[in-house]
Amino acid sequence: MGSRKAREREMLDSVCSMIALVFFFVTCVELCDAATVVDVYRLIQYDISGAPFGSRLAKLNHHAGSLHFPAGADLSRTVLMIPVRDLNITFLQDYIAQRQPLGGLLFLLPQMFSFENKDDMRSNHQNQGNDLLKNVMAELEQLLIHANVPYPVYFAFEDDDIDAVLADVKRTDAIGQPATATTGGFKLVVSVPEPKKLISPTITNIQGWLPGLKTDGDASQLPTIAIVASYDTFGAAPALSVGSDSNGSGIVALLEIARLFSLLYSNPKTRGRYNLLFGLTSGGPYNYNGTQKWLRSFDQRLRESIDYAICLNSIGSWDNELWIHVSKPAENVYIKQIFEDFSNVAEGLGFKVGLKHKKINISNPRVAWEHEQFSRLRVTAATLSELFTAPELLESTGGLVDSRHFVNETAIIRSVKLVAESLARHIYGYQGNNIQIFADDGSLAVNPSYIQSWLDFLSRTPRVAPFLSKNDPFVMALKKELEDHTHEVNVQHEVLDGMFTFYDLTKARLAIYQVASVTFDLLLLLALGSYLIVLFSFLVITTRGLDDLISIFRRPPSRKVKTA
């Protein structure tokens with residue numbers, strides 16, 4: 001009798017175990033059916049003087065939706081997948097401004113904006129359709145970086161897998177069946193820790209010298225000309241901010257100018273009576289904070305020796321005219337001389353150079369151009385740029401749209417010729433002459449291959465200052481390149497001013513799961529449970545009889561306890 005009850009108990013335990021297994025299987029359906037996994041790039045998170053901007057959250061675990069969602073739909077647990085090609089910027093502005101509930105945003109960028117895209121790396125900036133798309137992306141970027149977004153925002157690139165997911169999501173939304181826990185669909189999951197503040201973010205300046213021809217005194221007593229370019233970027237997605245034009249073009253031009261003059265200065269017979277100071281500065285998007293710290297590290301004698309400084313900014317996407325931006329009026333004798341040198345050379349090269357004066361407001365902390373940091377210390381300086389007007393804070397700083405496809409390396413070559421020839425005429429006293437020291441057919445010709453290789457490298461290298469370490473390979477590459485062409489190369493590490501606070505986590509992996517509806521899960525559970533019960537009953541009946549089956553589920557008779 002005892003053995004029979006033991007067998008019945010074992011059989012019941014087996015059935016319970018099988019049913020528990022079924023429940024476990026059903027709950028794991030969502031986790032075992034990943035449609036695709038892709039790299040995603042998080043919207044920047046930062047504070048200015050304590051005011052929050054950018055995306056304030058990072059974790060994502062919601063169903064996918066599209067812009068075809070039904071009117072009045074609850075999107076508090078929905079991630080909108082939005083191709084930038086189809087973006088309605090007005091809708092997005094209203095949604096963010098009204099702070100309506102939303103699970104998150106996933107913007108899909110065209111592949112041409114990916115720095116990993118090897119196809120058609122040459123410039124196609126003449127394409128009107130691409131220019132329109134570029135304008136939309138620029139407007140989107142400015143909207144996002146100047147807003148306080150209370151939900152996760154990510155960027156990804158279009159590909160076949162993610163396009164197929166989006167097409168399916170659009171189809172279900174169009175028929176009024178958006179993805180929910182009840183209906184199923186696709187779920188987007190980013191499992192990351194909460195972002196943390198970057199403590200004491202560093203910025204790094206690099207400088208190199210080409211000493212002039214020594215006379216009876218020390219070469220440090222010679223006048224100095226500074227050629228400067230800020231190398232870092234800022235954008236909506238720090239992991240995508242490569243800044244091919246701003247300011248990749250300026251860096252490339254500075255390195256090529258350093259290479260050309262290193263050839264001239266390597267021979268005492270052609271070495272000029274000017275020191276040349278080359279500066280690659282950081283903190284450009286943040287009021288040129290690195291330039292300010294770099295200049296304040298100079299001793300008074302060095303600062304007073306600077307005849308003038310030329311800052312290079314965004315010179316890789318122009319056709320017929322460049323602009324020289326200055327803080328002193330055009331009547332100033334030094335500014336007049338700089339402008340005449342540049343305009344004469346430009347005329348010989350077949351284009352124009354304009355002069356734009358912008359007075360500095362000392363009480364305003366905003367520094368629109370790099371040369372203004374020199375001007376605040378009473379050093380004559382100018383910025384050469386294709387931009388006609390000064391950009392606003394965090395504008396035109398190498399964001400999403402500033403890719404290799406929109407940079408014309410021919411424009412950089414012409415810019416290099418302009419600066420190099422102008423400097424040479426000033427150094428060697430050839431003003432007004434039509435002598436070309438850096439002629440295309442000479443030994444000092446500009447090297448297009450050198451420019452192209454560095455431009456390609458910079459166009460694959462995100463370099464938002466707070467996320468570059470002191471020994472970042474990119475910083476080390478710049479230092480080594482300056483060492484190849486100049487002397488006394490120094491690296492200066494500084495802490496970015498506390499006005500800006502940044503948070504980590506710029507890149508993640510997005511898993512897209514195709515999930516079944518709750519109704520389907522319940523039906524599956526019911527079917528499997530019914531099957532197991534029928535199978536169990538059949539086995540008991542065929543092996544032990546109907547009476548044994550009934551006895552398993554019959555309540556045993558209660559026993560009366562005898563009392564004394």
* For the range 144-166, what are the residues that are farther than 17 Å from LEU80 by Cα, assigned to a helix (DSSP H, G or I) and either over 14 Å from the mean Cα position of the chain (by Cα) or of a type in the set (D, E, K, R) (or both)? -> ASP160
* To do: Select from the range 490-501 the residues that are open to solvent by less than 30 Å² (accessible area, probe 1.4 Å) and either assigned to a loop (DSSP other than H, G, I, E, B) or within 23 Å of PHE298 (Cβ to Cβ) (or both) and list them in ascending order.
  => LEU496
* To do: List every residue pair whose Cβ atoms lie under 6 Å apart, where the two residues are 6 or more positions apart in sequence or sit on different chains, the first residue falls within the range 60-81 and is outside the structural domain of TYR154 (by the TED database) and free of Cβ contacts under 8 Å to residues at least 40 places away in the same chain, and the second residue, located anywhere, is part of a loop (DSSP other than H, G, I, E, B) and surrounded by 15 or more Cβ atoms within 10 Å (Cβ to Cβ).
  => none
* Any chance ASP504 is open to solvent by 60 Å² or more (accessible area, probe 1.4 Å), in contact with a Lys or Arg (Cβ under 9 Å, 6 or more places away or on another chain), in contact (Cβ under 8 Å) with a residue 12 or more places away in the chain and not hydroxyl-bearing (Ser, Thr, Tyr) -> no
* Within the range 98-112, tally of residues that are open to solvent by 10 Å² or more (accessible area, probe 1.4 Å) and either without any contact (Cβ under 8 Å) to a residue 12 or more places away in the chain or in a strand (DSSP E or B) (or both) -> 1
* **Residue identified as open to solvent by 70 Å² or more (accessible area, probe 1.4 Å), of a type in the set (Lys, Arg) and modelled with pLDDT under 90 among ARG85, ARG122** => ARG122
* Taking only the range 64-83 into account, find how many residues are touching a Pro at 6+ places or on another chain (Cβ under 7 Å) and hydrophobic (A, V, I, L, M, F, W, C). => 3
* Within the bounds of the range 39-48, is there any residue that is buried (at least 16 other Cβ atoms within 10 Å of the Cβ) and either assigned to a helix (DSSP H, G or I) or at pLDDT below 95 (or both)? -> no
* Could you tell me whether any residue of the range 422-437 is touching a Lys or Arg at 6+ places or on another chain (Cβ under 6 Å) and in the same structural domain as GLU347 (by the TED database)? => yes
* Asked: How many residues are free of Cβ contacts under 8 Å to residues at least 12 places away in the same chain and outside any loop (DSSP other than H, G, I, E, B) if we restrict to the range 413-453?
  -> 2
* Selection within the range 294-316 - outside any strand (DSSP E or B), over 22 Å from VAL252 (Cα atoms) and not aliphatic (A, V, I, L, M) -> ARG296, SER297, PHE298, ASP299, GLN300, ARG301, ARG303, GLU304, SER305
* Structure fact -> Here the residues within the range 203-217 that are in contact with a His (Cβ under 9 Å, 6 or more places away or on another chain) and open to solvent by 30 Å² or more (accessible area, probe 1.4 Å) are TRP209, PRO211
* Residues satisfying the stated conditions in the range 252-269, i.e. hydrophobic (A, V, I, L, M, F, W, C), surrounded by fewer than 24 Cβ atoms within 10 Å (Cβ to Cβ) and touching a strand residue (DSSP E or B) at 6+ places or on another chain (Cβ under 7 Å) -> ALA258
* Exclusive hit being closer than 13 Å to SER230 by Cβ and assigned to a strand (DSSP E or B), set GLY290, GLY283, GLY279 -> GLY279
* Asked: Which members of the range 395-433 meet the condition of being open to solvent by 40 Å² or more (accessible area, probe 1.4 Å) and under 27 Å from the mean Cα position of the chain (by Cα)?
  -> GLU395, SER396, THR410
* modelled with pLDDT under 95, part of a helix (DSSP H, G or I) and of a type in the set (A, V, I, L, M): does that describe LEU254? -> no
* Of the numbered conditions (1) surrounded by fewer than 21 Cβ atoms within 10 Å (Cβ to Cβ); (2) assigned to a strand (DSSP E or B); (3) touching a helix residue (DSSP H, G or I) at 6+ places or on another chain (Cβ under 9 Å), LEU384 fails exactly one; give the number of that condition. => (1)
* For the range 270-318, enumerate the residues that are open to solvent by 40 Å² or more (accessible area, probe 1.4 Å) and within 16 Å of HIS371 (Cα to Cα). => GLN292, LYS293, ARG296, ARG303, GLU304, ASP307
* State all residues of the range 454-468 that are open to solvent by 20 Å² or more (accessible area, probe 1.4 Å) and in a helix (DSSP H, G or I); if no residue qualifies, say none. => TRP454, ASP456, PHE457, PHE467
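The values are calculated or read from the model by the stated rules, or taken from the named source; none is laboratory data. A quick note: this is a predicted structure, and the numbers were derived from the prediction, not measured. Glycine also receives a Cβ, built like all others from the backbone with ideal geometry; neighbour counts cover every protein chain displayed. The accessibility values were calculated without ligands, DNA or RNA, using every heavy atom of the protein model including side chains. Shrake-Rupley method; radii C 1.70, N 1.55, O 1.52, S 1.80 Å.
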